[in-house]
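Heads up: the structure comes next, in structure tokens.
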Amino acid sequence: MKLTAQLISPLFTSLALAAALTTVPFMAAHAADAPPAAAAPQAAAKAVPSAPAKPDLAKGEASYTAVCSACHGADGNSAIAANPKLAQQHPEYLIKQLQEFKSGKRNNAIMKGFASALSDDDMRNIAYWATSKKAKAGFAKDKELVAQGERIYRGGIADRQVPACAACHSPNGAGLPAQYPRMSGQHADYTAAQLTGFRDGVRKNSLQMNQVAAKLNDREIKAVADYIAGLR
């Protein structure tokens, strides 16, 4: 028995040593694969996008005065019926249009020239300054057409599946921020020109409006544009 114990004892010692030697490299390998504890918060911090810069209204006014005021009025209320009023327009809409003039998605040679010189910050500053100005009320001019325009704006044209303009632009033409532009009081000439452009495929930066305007004739476009001009 004493001899057997002497033989077994070294055997167990060898097995224990072998197990220890096997375990150490295994633990070391897994420790090497594990990221440092401090790395996770750093990675998470890098994944968080930085907040967009706040608009600078002073810079917006300066840029607007230098670039936009000659055509769109000193306070965003254009006196030229072919040029849109920008005052009180949703800033998200104005930024989108400037970006698309710059990229060419909205085709207008004059506006592309101006927009191409603007940075993203310039566009943001101008848009938020313009929306801070109060829009002046407009008025309808054609009494014969305004009733037809009201029917289209408020109820659409059911037999041609033309939706009511009010569904997106609201009953009073205020629009919906970040989605649909403000329309109330806009120059009828400008609105009619844009609807015609959408219908004829000249303006292509809104598939939704291309599809709606495609179903309108000249008289209907003129009627709804005139009604919009008088919205309050």
Task: Sites matching GluC sites (Glu not before Pro) across the stretch 52-157 that sit in DSSP coil, with at most 11 neighbouring C-beta atoms within 10 Å - done: none
- [ ] Using the structure shown, list the pairs from Lys105/Lys136; Lys54/Lys102; Lys141/Lys215; Lys112/Lys141 with a Cα-Cα distance above 27 Å, or answer none.
- [x] Lys105/Lys136; Lys112/Lys141
TODO: Count neighbours as other Cβ atoms within 10 Å of each site's Cβ, and list the chymotrypsin sites (Phe, Trp or Tyr not before Pro) in the stretch 72-161 that are DSSP loop with at most 16 such neighbours.
DONE: Phe139
Open item on the list: Given a Förster distance of 45 Å, report the FRET efficiency between Ser69 and Glu144 from their Cβ-Cβ distance, rounded to the nearest 0.05.
Closed with: 0.80
Open item on the list: Give me the extension gain from Arg219 to Ser103: residue separation times 0.36 nm, minus the current Cα-Cα distance, reported in nm with one decimal.
Closed with: 38.5 nm
Open item on the list: Give me the dipole magnitude in Debye, nearest 20, for the stretch 78-176 about the Cα centre, with unit charges on the beta carbon: positive for Lys and Arg, negative for Asp and Glu.
Closed with: 160
Open item on the list: Neighbour counts of other C-beta atoms within 10 Å: give me Ile228, Ile126 arranged from fewest to most.
Closed with: Ile228, Ile126
Open item on the list: Between Ala137 and Asp200, what's the calculated FRET efficiency when r is the beta-carbon distance and R0 is 30 Å? Round to 0.05.
Closed with: 0.50
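Bear in mind these aren't lab numbers, they're just calculated from the coordinates by the rules spelled out. Everything numeric in this text was worked out from a predicted model, so none of it was measured. Cβ coordinates were reconstructed from backbone atoms using ideal geometry, including for glycine residues, and neighbour counts include every protein chain displayed.
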